[in-house]
1. Among the residues of the stretch 30-49, write down those that are within 12 Å of Ile12 (Cα to Cα) and among the aliphatic types (A, V, I, L, M).
2. Are any residues in the stretch 39-56 more than 19 Å from the chain's Cα centre (by Cα) and small (Gly, Ala, Ser), and if so, which ones?
3. Against the definition (at pLDDT 85 or above, acidic (Asp, Glu) and either surrounded by 15 or more Cβ atoms within 10 Å (Cβ to Cβ) or over 16 Å from Gln131 (Cα atoms) (or both)), how does Asp310 come out, yes or no?
4. Pull up the stretch 238-284, narrow it to residues that are within 22 Å of Phe191 (Cα to Cα) and aliphatic (A, V, I, L, M), then point me to the one that is nearest to the chain's Cα centre (by Cα).
5. Can you tell me which of Val66, Val79, Val40 is closer than 21 Å to Val29 by Cα, surrounded by 23 or more Cβ atoms within 10 Å (Cβ to Cβ), of a type in the set (Val, Ile, Thr) and at pLDDT 95 or above?
6. Might you check whether a residue that is under 23 Å from Ile94 (Cβ atoms) and surrounded by 18 or more Cβ atoms within 10 Å (Cβ to Cβ) occurs anywhere in the stretch 219-241?
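The values are calculated or read from the model by the stated rules, or taken from the named source; none is laboratory data. Just so it is clear, the model here is predicted, and its values are computed rather than measured. Heads up, the Cβs are rebuilt from the backbone with ideal geometry, glycines too, and the neighbour counts pull from every protein chain shown.
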Amino acid sequence: MFGDKVKKLYLIYNPKSGKQNFEEHLDHVVERLEKAGYEVFPLATKQMGHATSLAQKACEEAADRVVVVGGDGTFNEVVNGLMDYEKRPTIGYIPAGTCCDIGHTLGLSKNVDKAIDTMLAYQPVEMDIVQSNDRYFCYVSGNGAFIDISYVTDSKLKKRIGYLAYLIKGAEELFTIPKMRMKITHDGGTFRGKFSLMLIINSKRVAGINMIYKPSLDDGLVDVVLYRNIFPFNFVLYFTSFLLPFWSTPLVKRFKTSELKIVTNTRSRWNVDGESGGVGNQDIKVAKRAISIVVPDKIRNRYFLGQKKDHA
């Protein structure tokens, strides 16, 4: 369980996430959490960035738990709010977005009751997040080909056909793949090159695709995947890499690092947890085990090896 002494719980939900129907379940969710012994404060987000201020309010009010309902962007906003405070409440998560890469990696169901069952049945783990310039991301930051799909795809189309909307938008962008000059400094040294796509990953999957074979989410390191620009064969490179998430060649460079400095000429925007981020150079640093979140034991034993239990 969350813990017998826990009383104050902030329920931060995005009513516009995914199929936009969470409010139909709201009373049921509040009732279940109250029956489990929590004083529940339901708070709906009203605009972009609002979840951050609500998370800050939860910290200021000394909340013991924050339950997030929404997609990857909502989850990111909440974490950014929590990181402003030294004492942070433990997170419970009900994935409700279109793709929900974070929820999928953490083994959390979109089914409301199953997600609550997880919150009440398991102990939290401490999870890495990553600082990128002046903000944090939880599972990915990237630049280059297809990187804007999650936030330029029409929200009405996503509501109607879900993940297929992303695939349609990706097909439209096949012929606009960029060439990015980068100087990259990491724990192992410095190198330069021309790349079409860069991903900095703290997860197993990105945009519904398994990108990292065996991620570790509590070791203080992120996985970096870089794709050399080999126009007109870039798409072949992406497709092969997506099928073989352990594949590393001179054309697809993979490594782990705790810090990363990127100097680049590209003016395209970085994608941060599925939302539009800043432009230009990036200073990356892992915040090791910075947040506490409830996940099933099977996920603890798979991706949190430093906190692995003796039994699943």
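1. Residues satisfying the conditions are Val30, Val40, Leu43, Ala44.
2. Ala44
3. Considered against the rule, which asks whether it is at pLDDT 85 or above, acidic (Asp, Glu) and either surrounded by 15 or more Cβ atoms within 10 Å (Cβ to Cβ) or over 16 Å from Gln131 (Cα atoms) (or both), Asp310 comes out as no.
4. Checked the stretch 238-284; the qualifying residue nearest to the chain's Cα centre (by Cα) is Ile284.
5. Val66
6. No, the stretch 219-241 has no match at all.
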